[in-house]
Every structure is written in C-alpha cells, then in structure tokens.
Amino acid sequence: MRKMNLNLFSAVLAVLLGLSAQNDSLMQPQEEGVKTNESRRLDVTSRILEANKGSDQVLVEGDVALSRKRNAMKCWRGNCKWTKSYKGLVEVPYTISDYFYDSERASIKKAMETFQQKTCVRFVPQRKQSDFLSIESEMGCWSTVGKIGGRQVVSLSVHGCLDLGIIQHELLHALGFHHEHTRSDRDQYVRIKWGNIPAVNRLNFHKMDTNNLNTPYDYSSVMHYGRTAFAETFGADTIIPIPDSSVPIGQREDMSDIDILRINRFYDCK
C-alpha cells in the first residue's frame with residue numbers, strides 16, 4: 001500500500017527527523033515541483049511514450065485505449081460528446097482513485113480547472129451519474145477517445161503522468177480529440193518519415209477521418225507528437241514540418257490557443 005501505516009510512521013519518525021537536515025538539499029527540487037533537465041527536454045508525447053513502456057494495455061497511437069463498446073477512433077461523428085446541460089455547460093463527471101496522494105489529486109484538479117477557465121467544459125465530481133471518468137494510476141498514461149458510456153478509465157500513473165500538459169492531453173482524448181498529426185489534412189503540413197518508423201508502429205501514424213472544425217493545423221498543440229516519436233533509431237526524425245522543417249513541434253507545457261478554440265467549437269461553447 002502507498003499509504004504508510006500510521007503506527008509504522010510513528011515508529012520511524014525520530015529516525016527520519018534525524019536525517020531530514022541532510023536530505024533537505026536532495027528533496028527540495030522534487031518538493032517544489034522543479035523539473036529535471038530531462039523532463040524539460042522531452043515533449044508531452046515523448047514523456048507519455050516513456051511512461052507507457054511495458055504497459056500491458058492495448059494502445060494505439062501510444063496512449064489511446066480502444067473501447068470494447070464502439071470504435072473509439074470514429075469519435076468525430078459526434079456520437080461521443082459529453083452532454084451539455086441546460087445551462088450551456090458540458091459537465092463531465094469524474095472520480096479520482098484513493099491511490100493518489102493529496103498533492104497528486106491537486107495536480108489533476110488543477111489541470112481540470114484549466115478547461116473551466118476558457119471553455120464551457122466542467123469536470124464535476126461524480127454523484128449518481130452512470131457515465132463518468134475514473135481517474136486511476138494504472139501502468140502508463142492513456143485514455144479512450146470521447147464518451148463511451150459507463151465507467152471510463154483515464155490512466156494517469158504516478159510514475160510520469162502527472163505533469164499539467166500530460167493530464168490535459170489525456171483529458172482531451174476523453175473529451176473526443178485525436179492526435180494532431182493524424183488529422184485528415186496533415187500531409188499539407190508535415191511529412192512522415194516512414195523509413196524511420198518500425199513496421200509495428202506505423203499504425204500510429206495513419207490519418208484519421210477527422211472533422212478539423214475549420215481550425216488551422218497546430219504545430220504547438222498539446223496533442224501533437226514530437227519530432228522523433230516511435231523512431232526506430234534513437235533521435236531520428238519521424239515527423240518533419242513542411243515547408244519549414246525548423247518549426248518546433250511537440251508541446252511541453254500547456255494547451256495551445258487552438259486546442260482551446262477546438263474545444264469551444266466541438267462543444268458549441270458560447
């Protein structure tokens with residue numbers, strides 16, 4: 001169990017206090033949420049793919065779980081939207097597993113609040129609703145696409161999935177959004193280097209029949225793969241922006257303005 005037994009905690013408290021002074025300098029960066037150089041270097045999807053190594057969940061595109069209830073990859077048809085209330089708000093019920101520490105729960109709720117600030121989406125604690133997101137720490141970071149009905153797991157492992165951008169990424173999947181590089185018109189904006197992608201991973205780069213909501217292709221989307229995603233050789237490019245190959249791709253921190261615009265258009269937020 002992650003939660004330390006209270007009696008055991010009391011028994012070792014004195015020892016821990018004795019060591020605390022020398023440990024302060026080591027623990028401080030983690031306690032303050034300071035990212036390592038490695039985490040700053042990696043984009044959101046690269047961190048997701050790293051966290052998902054060894055997962056026994058069947059995933060496509062690296063972090064999309066297929067629903068047994070329907071083809072999760074056909075979400076854009078509109079049959080996977082969460083319901084809008086009479087108040088004009090899209091209320092998405094959720095539960096958060098007790099496995100998470102309070103600080104981890106706070107990170108998840110903070111990411112949920114970023115949707116509330118600029119869209120009509122509201123993540124609300126589940127009460128009696130039969131359709132809801134169950135936020136759990138399974139192995140890796142993943143979600144199905146759109147509302148599938150019933151209890152719907154979104155995995156945010158405590159080992160690598162609790163950065164703001166990663167939580168937003170998985171919640172965007174749950175709201176009905178695919179990866180940016182799979183949109184139907186992507187060949188006008190990026191070139192896929194198929195020769196650098198192992199055959200077993202090429203399915204992750206297939207285009208989807210998407211409704212692009214009359215929004216521009218977004219290199220800075222939190223849903224965009226990084227430049228070297230699924231590369232057969234470490235560091236090799238798999239996605240190259242065109243016509244300017246130097247354009248940065250692969251978000252590191254937060255939803256882009258176009259990500260937010262798409263949410264508002266998809267759910268007809270006023």
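The values are calculated or read from the model by the stated rules, or taken from the named source; none is laboratory data. Fair warning: this is a prediction, and the values are worked out from it, not measured in the lab. Heads up, the Cβs are rebuilt from the backbone with ideal geometry, glycines too, and the neighbour counts pull from every protein chain shown. SASA here: full protein model, heavy atoms, side chains in, ligands and nucleic acids out. Shrake-Rupley method; radii C 1.70, N 1.55, O 1.52, S 1.80 Å.
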### Task
Quick one: net charge around Gly88, please, counting Lys, Arg +1 and Asp, Glu -1 for every other residue with C-beta under 11 Å from its C-beta.
+2
### Query
Among bridges DSSP assigns within region 98-190, what percent are antiparallel (round to 5)?
40
### Query
Using the per-residue mean of other Cβ atoms lying within 10 Å as a proxy for protection, in what order, highest first, do the peptides 111-119, 229-237 fall?
111-119, 229-237
### Query
Could the peptides 101-110, 152-161, 137-146, 87-96 be put in order, highest first, of the mean number of other beta-carbon atoms found within 10 Å of their residues?
137-146, 152-161, 87-96, 101-110
### Query
How large, in percent, is the carbon and sulfur part of the accessible surface of region 219-261 at a probe radius of 1.4 Å?
56
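Residue separation times 0.36 nm, minus the C-alpha to C-alpha distance between His206 and Asp268: what's the value?
Value of the extension gain: 19.5 nm.
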## Note on the structure
Neighbours of Lys53 by Cβ distance under 13 Å: Lys/Arg at +1, Asp/Glu at -1, summed charge -2
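Extension gain Thr83-Lys110, at 0.36 nm per residue separation less the Cα-Cα distance, in nm?
Values: separation 27, 0.36 × 27 = 9.72 nm, distance 2.23 nm.
Extra length available between Thr83 and Lys110 comes to 7.5 nm.
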### Task
Send over a whole-number figure in Å² for the accessible area per residue of region 125-270, probe 1.4 Å.
42
### Query
What residues qualify as long-range amide H neighbours of Phe123, i.e. H under 5 Å apart, gap of 5 or more or another chain, H built at 1.01 Å from N?
Val92
### Task
Would you mind counting up the charge near Lys193? Only other residues with Cβ under 12 Å from its Cβ, with Lys and Arg at +1 and Asp and Glu at -1.
+1
### Query
Between Asp56 and Ser130, what is the label-to-label distance in nm when each label sits 7 Å out along the Cα-to-Cβ direction?
3.1
